[in-house]
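Written below as structure tokens is the structure these notes are about.
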């Protein structure tokens, strides 16, 4: 139940910017933002050690960032268990930063894939029944486990309007967005509207673990990473 905030500028040469909060089972080990794939020397990412893919990845040379969020499937799994196991969603992220977005139904569990370049951003949505692509219009957008800017998602309905457009020139553009995250934390991590979350009361073993901020513009790609001191609990991350 991750959350991504994206700002697409109004064609004025300002960077595309995003802030991603990762929710995952703390017992599932990961590696922080780094160059973990020898076969992809220009790619850095947050690697899932179990499956080997990425939750978020960046190719600074090609100016691409991609991050994936889990989404519920609308179709039940094969009750016979004879179907081939689905591919890792983390490989979809690595394909995306190489410019290969799924254009046919993938053999994978449901996901929302957010891709950003200096030219804009889009979201690919797969729910096990239909594959859809949405180009994001200028403005602020939020993505979680349903559709883009879905008002049925409590945290989007509560907080999307609170995230203002970042300043075009600001070395620490993410700080106002962290201010908003801090404001949301006043609800507590088990509130359905929370962004920094403890999802265990909802039947998932996942908690918010880390934050990544990315900026993609004419001057290149800048990506910052920080972990929360305690899973599912707010402390102001120092993105570096």
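The values are calculated or read from the model by the stated rules, or taken from the named source; none is laboratory data. Small disclaimer: the values here were computed from a predicted structure and weren't measured. Please note: Cβ atoms are built from the backbone with ideal geometry, for glycine as well, and neighbour counts cover all protein chains shown.
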Can you find, within the range 144-166, the residue that is surrounded by the fewest Cβ atoms within 10 Å (Cβ to Cβ) among those that are over 19 Å from residue 125 (Cβ atoms) and in contact (Cβ under 8 Å) with a residue 40 or more places away in the chain? 165
Taking residue 226 as the residue in question, decide whether it is under 20 Å from residue 67 (Cβ atoms), surrounded by 14 or more Cβ atoms within 10 Å (Cβ to Cβ), touching a residue at least 24 places away in the same chain (Cβ under 8 Å) and touching a strand residue (DSSP E or B) at 6+ places or on another chain (Cβ under 8 Å). no
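Quick check on my filter: what residues within the range 119-134 are buried (at least 19 other Cβ atoms within 10 Å of the Cβ) and part of a loop (DSSP other than H, G, I, E, B)? Give the derivation first.
So the first thing to find is which residues in the range 119-134 are buried (at least 19 other Cβ atoms within 10 Å of the Cβ), and the list is 121, 123-126, 128.
Matches in the range 119-134: 128 only.
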Filtering the range 152-172 down to residues that are at pLDDT 95 or above and closer than 20 Å to residue 196 by Cβ yields 153, 154, 155, 156, 157, 158, 159, 160, 161, 162, 163
Within the range 209-219, can one find any residue that is in contact with a strand residue (DSSP E or B) (Cβ under 9 Å, 6 or more places away or on another chain) and free of Cβ contacts under 8 Å to residues at least 60 places away in the same chain? no
Going through the range 167-183 one residue at a time, which ones are in contact (Cβ under 8 Å) with a residue 12 or more places away in the chain and surrounded by fewer than 20 Cβ atoms within 10 Å (Cβ to Cβ)? 168, 176, 178, 180, 182, 183
Could you tell me how many of the residues in the range 46-59 are under 17 Å from the mean Cα position of the chain (by Cα) and more than 19 Å from residue 1 (Cα to Cα)? 2
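Take the residues in the range 1-41 that are assigned to a loop (DSSP other than H, G, I, E, B) and in contact with a helix residue (DSSP H, G or I) (Cβ under 9 Å, 6 or more places away or on another chain), then tell me which one is surrounded by the most Cβ atoms within 10 Å (Cβ to Cβ).
Out of the qualifying residues, it is 1.
Here is a list: 206, 180, 124. Which entry is closer than 23 Å to residue 237 by Cβ and in contact with a strand residue (DSSP E or B) (Cβ under 6 Å, 6 or more places away or on another chain)?
Values: 180 fails: in contact with a strand residue (DSSP E or B) (Cβ under 6 Å, 6 or more places away or on another chain); 124 fails: closer than 23 Å to residue 237 by Cβ.
Testing whether each residue is closer than 23 Å to residue 237 by Cβ and in contact with a strand residue (DSSP E or B) (Cβ under 6 Å, 6 or more places away or on another chain) leaves just 206.
Given 152, 137, 96, 108, which one is in contact with a helix residue (DSSP H, G or I) (Cβ under 9 Å, 6 or more places away or on another chain) and either in a loop (DSSP other than H, G, I, E, B) or under 27 Å from residue 27 (Cα atoms) (or both)? Before the answer, list the steps.
On the way: 152 fails: in contact with a helix residue (DSSP H, G or I) (Cβ under 9 Å, 6 or more places away or on another chain); 137 fails: in contact with a helix residue (DSSP H, G or I) (Cβ under 9 Å, 6 or more places away or on another chain); 96 fails: in contact with a helix residue (DSSP H, G or I) (Cβ under 9 Å, 6 or more places away or on another chain).
Criteria check complete, one pass: 108.
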Quickly run through the range 213-240 and pick out the residues that are part of a loop (DSSP other than H, G, I, E, B) and modelled with pLDDT of 95 or more. 228, 229, 230, 231, 232, 233, 234, 235, 236, 237, 238, 239
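Which of the following residues is over 30 Å from residue 234 (Cα atoms) and modelled with pLDDT of 95 or more: 105, 32, 41? Explain how you work it out, then say what you get.
Working: 105 fails: modelled with pLDDT of 95 or more; 32 fails: over 30 Å from residue 234 (Cα atoms).
The match here is 41.
Return the residue satisfying two criteria in turn: it lies in the range 51-60 and is outside any strand (DSSP E or B) and touching a strand residue (DSSP E or B) at 6+ places or on another chain (Cβ under 9 Å), and of such residues it is surrounded by the fewest Cβ atoms within 10 Å (Cβ to Cβ).
Applying the first criterion (outside any strand (DSSP E or B)) to the range 51-60 yields 51-53, 60.
Subsequent filtering for residues that are touching a strand residue (DSSP E or B) at 6+ places or on another chain (Cβ under 9 Å) retains 53, 60.
Working: 53: 22, 60: 16.
Across the range 51-60, the extreme among qualifying residues is 60.
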